[in-house]
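Visitor: Quick one: the structure is below, and I'll ask about it shortly.
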Amino acid sequence: MIVEMNKGASPEQVDGVVERARSMGFEVQLNIGTEKTVVAILGSNTGKAPTDLFAVLPGVQTVTRIMKPYKLAAREFHPQDTIVNLNGLAIGGKKLTLMAGPCAVESREQLRETARFVKDVGANVLRGGAFKPRTSPFSFQGLEEEALKFLAEVKAEVGLPIITEVLDIEHIEVTACHADIIQVGARNMQNFALLKELAKVRHPVLLKRGLAATVTEWLTAADYLLSEGNLQVVLCERGIRTFEDSIRFSLDISSIAVIKRFSHLPILVDPSHASGHFSYVPSIAKAAVAAGADGLLIEVHPNPQKALVDGLQSLTFSDFSRLVNELRPIAEAVGRTI
Ligand code: PEP
Ligand code: MN
């Protein structure tokens with residue numbers, strides 16, 4: 001249930017709503033906006049609580065039941081767009097977020113060279129996998145903690161914030177020491193134990209869409225992060241499994257509009273994992289920006305032919321540079337900058 005307070009409702013009036021909800025055994029989350037405060041009343045039995053019990057309280061404007069399974073990710077709770085603050089970079093703001101870098105960190109040199117290049121060209125976040133979720137156990141699994149060290153070193157040298165993925169709870173602490181934003185991969189979107197632990201860290205989290213997850217399931221998974229009070233959640237569309245097999249996954253371009261309609265969370269698009277092939281990356285990336293994505297996550301490698309992971313979908317430096325230039329007029333046309 002969502003209780004929207006009047007503009008200018010006093011803190012005591014907000015407290016009155018919170019107290020009543022707690023006295024009924026419900027949990028509460030507040031969205032204190034510049035204009036008004038919204039109170040989310042949460043719990044498995046809120047459906048049975050009469051809305052009048054809140055509607056009569058002083059300072060209350062409206063009481064609405066959210067019929068969708070997700071609550072805190074819903075626009076009703078947070079009517080304004082969420083802007084995630086990543087060390088001063090506003091994800092979801094006018095400037096597009098361009099995350100770029102290798103699929104996996106392979107060496108200090110590979111990472112440093114890529115970081116310098118992508119930063120020069122306009123990327124504002126460096127990606128690099130330390131723990132890799134590989135389809136086969138015989139494939140390269142990542143340099144793990146050594147990769148985290150390289151990421152931290154290169155961040156200090158080049159000055160880009162770092163995104164990297166955690167696969168399990170035991171690596172959250174060490175990853176949080178080095179990363180600025182933590183990625184939850186598609187295969188872990190519904191790993192609820194991982195999400196609950198991650199929410200406690202208070203780092204921004206990039207939550208990728210599961211390979212076969214609906215938008216509703218994705219937003220409900222986001223609620224696991226938001227319900228711990230961490231509103232720093234960024235969504236990432238990375239393609240879903242469909243009957244179409246000419247490319248690796250099908251990028252669901254419409255999810256950008258659906259997310260913008262039903263949620264306040266920023267959404268990035270990963271054209272690299274969606275397509276699985278470098279030749280498709282530019283057109284998907286451009287379509288995503290045109291459709292209103294808040295940014296992109298793109299794999300770039302100094303020498304894709306020698307990449308240990310995902311070489312086929314990685315852009316060379318020159319391809320990445322060309323793509324960023326091609327994105328500029330599209331970004332401008334939709335009121336964004338790079
Ligand atoms: C990745 O970004 O490195 C990755 C493995 O992506 P996904 O979880 O979308 O497959
Ligand atoms: Mn990859």
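The values are calculated or read from the model by the stated rules, or taken from the named source; none is laboratory data. Quick caveat: nothing in here was measured; it's all calculated off a predicted structure. Positions of Cβ are generated from backbone atoms using ideal geometry, with glycine treated the same way; all protein chains shown enter the neighbour counts.
Visitor: Among the residues of segment 109-120, write down those that are surrounded by fewer than 19 Cβ atoms within 10 Å (Cβ to Cβ), touching a residue at least 24 places away in the same chain (Cβ under 8 Å) and within 21 Å of Val289 (Cα to Cα).
Guide: Selection gives Lys119 alone.
Visitor: Let me ask something else. Check whether at least one residue in segment 218-230 is surrounded by fewer than 16 Cβ atoms within 10 Å (Cβ to Cβ), away from ligand 1 (no atom under 12 Å from the Cβ) and modelled with pLDDT of 95 or more, and report yes or no.
Guide: Scanning segment 218-230, I find no residue that is surrounded by fewer than 16 Cβ atoms within 10 Å (Cβ to Cβ), away from ligand 1 (no atom under 12 Å from the Cβ) and modelled with pLDDT of 95 or more, so the answer is no.
Visitor: Scanning for something within 30 Å of Val17 (Cα to Cα), more than 16 Å from ligand 1 (Cβ to nearest atom) and in contact with a Pro (Cβ under 6 Å, 6 or more places away or on another chain), does segment 47-60 turn up at least one residue?
Guide: First, the residues of segment 47-60 that are within 30 Å of Val17 (Cα to Cα): 47-60.
Subset that is more than 16 Å from ligand 1 (Cβ to nearest atom): 47-60.
Then drop every residue that is not in contact with a Pro (Cβ under 6 Å, 6 or more places away or on another chain), which leaves none.
Within segment 47-60, none of the residues are within 30 Å of Val17 (Cα to Cα), more than 16 Å from ligand 1 (Cβ to nearest atom) and in contact with a Pro (Cβ under 6 Å, 6 or more places away or on another chain).
Visitor: Further question: Having 2 or more residues that are at pLDDT below 95, touching a strand residue (DSSP E or B) at 6+ places or on another chain (Cβ under 9 Å) and not assigned by TED's automatic domain parsing to the domain that holds Leu151 is the bar; report the strands (runs of 3 or more DSSP E) wholly within segment 64-126 that clear it. Write out each step before concluding.
Guide: On the way: elements: 84-86, 89-91, 97-101.
Hits in segment 64-126: none.
Visitor: If you don't mind, there's one more thing I want to ask. How many residues are touching a helix residue (DSSP H, G or I) at 6+ places or on another chain (Cβ under 7 Å) and farther than 15 Å from Asn124 by Cα if we restrict to segment 138-163?
Guide: Count: 5.
Visitor: Which of the following residues is surrounded by 20 or more Cβ atoms within 10 Å (Cβ to Cβ), among the charged types (D, E, K, R) and touching a residue at least 12 places away in the same chain (Cβ under 8 Å): Glu106, Glu145?
Guide: Result of the check over Glu106, Glu145: Glu106.
Visitor: Quick check on segment 316-338: of everything there that is in contact (Cβ under 8 Å) with a residue 60 or more places away in the chain and within 25 Å of Cys103 (Cβ to Cβ), which residue is surrounded by the fewest Cβ atoms within 10 Å (Cβ to Cβ)?
Guide: Ser321
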